[in-house]
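The values are calculated or read from the model by the stated rules, or taken from the named source; none is laboratory data. Values in this document were obtained by computation on a predicted structure and should not be read as measured data. Neighbour counts are summed over all protein chains in view; Cβ atoms, including those assigned to glycine, are modelled from backbone coordinates with ideal geometry. Areas reflect the complete protein model, heavy atoms only, side chains present, ligands, DNA and RNA absent. Shrake-Rupley method; radii C 1.70, N 1.55, O 1.52, S 1.80 Å.
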Amino acid sequence: MKIKLSALMISAFFPMWRAIRDHTATHYWLDGGRGSTKSSFISLAIVLLIIKFPFANAVIIRKVANTLRDSVYSQMRWAISALGVSSYFKCSLSPLEITYLPTGQKIVFRGADKPEKLKSTALEHGYFSVVWFEELDQFEQQDIGTILKSFMRGGDKFWIFYSYNPPRTLWSWVNKEALAMKQRDDAITSHSSYLDVVDDHLAWLGTPFIDEAEHIRDTNPRQYKWEYLGEITGTGGSVFENLTSRSISDEEIETYDHHLNGCDFGWFPDPWRFVRAEWQHAERRLIIYDERSANKKIASDTGNIIKEALTYTDVQNSAPTYHRETVWCDAADNTSIATYRRSCGVNARPARKGNMRHVSYQWLAGLREIVIDPKRCPLTYEEFALCEYAKDRQGNWIDDYNDGNDHSIDAVRYATMELAIRGR
């Protein structure tokens, strides 16, 4: 019996399936909206991994144990049937597990009600090389590390799946971790929505689903973007709605001619942060393309980090030279500024801060576009992407900005302060 995988999964998942099959990564993050078929795809992948690799056993985890039978257990039974291999698997309810009959490999199901008490099950063959966290946003972040310590042992090849609908709240740990995963060499991320299914397999969803989605789209656009498109919409308080994420090449940076540099001082736990940006006045566009960060570094050390960042070539294949560009710094630390100037040769100057925090935030939020390369500047991108307005005690949005998780933002504000003052 021959079955084409293209008949069972949408084309949006083809690249990830090839990566899973060839084990080019360990962590596989799948987020999306309703009807995106991410759980169906993972269940198919797990069955295929069990068949392909005799050492592979799988554990599938949800936060609450009593949700397993009617969700991921049923999902795995569907995948086995869809692949036409039901005769090779035995499904039992007590204990809740699935056995691959030719080898005795197991697919077991666990609730993480008490993550610290989750223990690896004794296996006849192999080890738990496959772990699936379904509805990841229901877990606490520390739960994930605790669980992986219990199951990631006994071998050197693992596939860890994470599936979830992105939480609305920008600063949810899941949304922050997703940004970090995009920078890891051992992780692959995928985003899908019901529109991907419509393009490939419209019949899978049916007319009532499409009609409901389109009704929400027309009556509540923000709800539609979050629920059906799986976008991180926030709760209506995003500050920088003008943010663009894209790759910035070395060749593009060589064309920049209006560099801005900003430095925010810190020791520990608050970090020291330095950023570089390009200002394009006619387009009212700020492009942030370099960041440096440190903890527990004295001024002479961070000054040398700045000098390194400002040492670059003007002409291709020429020797790098130090450029004594102005670096706008937090005016609260005159001692470090003096060290930069006297000992490091950095043209450091204090940024004018008086009553300018609110104005500088407004100026940045009012630009036509803020472009950040998330690979070159992951810390800066995270801060701008997740920045929200503050709330009062009743939970209402107010015209102010939360203090904290803003070290890169402050460095950017110092770099652009003179522009904000002139545009006040």
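Surface analysis of the chain yields an accessible area of 48 Å² per residue, using protein heavy atoms and a 1.4 Å probe.
Taking only alpha carbon atoms, the range 120-265 gives an Rg to Rh ratio of 1.06, where Rh is the Kirkwood radius.
Within straight-line reach of Lys52, meaning a Cα separation under 17 Å, sit the following lysines at least 8 residues removed in sequence or on another chain: Lys2, Lys4, Lys106, Lys157. Charge tally for Glu97 (other residues, Cβ to Cβ under 11 Å; Lys, Arg +1; Asp, Glu -1): +3.
How large is the translational diffusion coefficient of the range 90-160 in µm² per second when you combine the Kirkwood radius over alpha carbon pairs with Stokes-Einstein at 4 °C and 1.567 mPa s?
In µm²/s, the coefficient rounds to 98.
Along its principal axes, the range 198-355 has C-alpha extents of 71, 41, 31 angstrom, given from the largest down. With both residues required to sit in the chain, DSSP beta bridges show an antiparallel share near 40%. Restricting the calculation to Cα atoms, the range 291-410 shows an Rg/Rh of 1.02 when the hydrodynamic-style radius is the Kirkwood one. Taking amide H as placed 1.01 Å from N in the peptide plane, the amide H of Ala112 sits under 5 Å from that of Arg62, Lys63, Val64, Ala65, each at least 5 places away or on another chain. Taken one residue at a time, the phi angles of the range 67-77 give Karplus couplings (6.51, -1.76, 1.60, θ = phi - 60°) of 9, 5, 4, 8, 10, 6, 5, 5, 5, 5, 5 Hz. Gly and Pro are set to x. Roughly how many Å² of Trp17 are accessible to a 1.4 Å probe, to the nearest 10? The value for Trp17 is about 40 Å².
Highest mean first, the peptides 123-135, 310-322, 198-210, 70-82 sorted by other C-beta atoms within 10 Å per residue fall in the order 123-135, 70-82, 198-210, 310-322. Ordered from highest to lowest accessible area with the whole protein assembly present and a 1.4 Å probe, Glu241, Glu308 read as Glu241, Glu308. Using θ = phi - 60° in the Karplus curve 6.51 cos²θ - 1.76 cosθ + 1.60, the 3J(HN,Hα) couplings for the range 380-388 round to 5, 4, 4, 5, 5, 5, 9, 6, 10 Hz; x is entered for Gly and Pro. Working note: Karplus 6.51/-1.76/1.60 with θ = phi - 60° gives the range 242-257 the couplings 9, 7, 10, 9, 7, 6, 10, 8, 4, 5, 5, 4, 5, 8, 5, 9 Hz, where Gly and Pro are set to x. Our helix-only sum for the chain, with -39,500 (n - 2.57) per DSSP H run of n ≥ 4 divided by its residues, gives a mean residue ellipticity at 222 nm of -9500 deg cm²/dmol.
Over the range 166-210, what percent of the accessible surface lies on carbon and sulfur atoms, probe 1.4 Å?
54 percent
Enumerate the residues in the range 13-49 having an amide nitrogen under 13 Å from the point lying 7 Å beyond the Cα of Ala203 toward its Cβ. Answer for this model: none.
Computed from the alpha carbon positions, the gyration tensor of the range 42-184 leads to an equivalent ellipsoid with semi-axes of 25, 16, 15 Å, biggest first.
Compactness ratio for the range 1-126: Cα radius of gyration over 2.2 N^0.38 Å (N = residue count) comes to 1.05. The range 319-350 and the range 372-392 have Cα centres spaced 25 Å apart. Charge tally around Ala338: other residues with Cβ under 15 Å, Lys/Arg +1 each, Asp/Glu -1 each, net +1. Near Ile398, once Lys and Arg are set to +1 and Asp and Glu to -1 for all other residues with Cβ below 12 Å from its Cβ, the sum equals -2.
Here the range 58-122 is treated as an ellipsoid with the same Cα gyration tensor; its semi-axes, largest first and in whole Å, are 22, 14, 8. Computed over Cα pairs, the Kirkwood radius of the range 300-368 leads via Stokes-Einstein (1.567 mPa s, 4 °C) to a diffusion coefficient of 93 µm² per second.
Peptides 149-158, 407-416, 47-56 ranked from most to least packed, by the mean per-residue count of other Cβ atoms within 10 Å: 407-416, 47-56, 149-158. Per residue, the convex hull spanned by the Cα atoms of the chain amounts to 194 cubic angstrom. Element breakdown for the range 350-424 at a 1.4 angstrom probe: carbon and sulfur atoms account for 43% of the accessible area.
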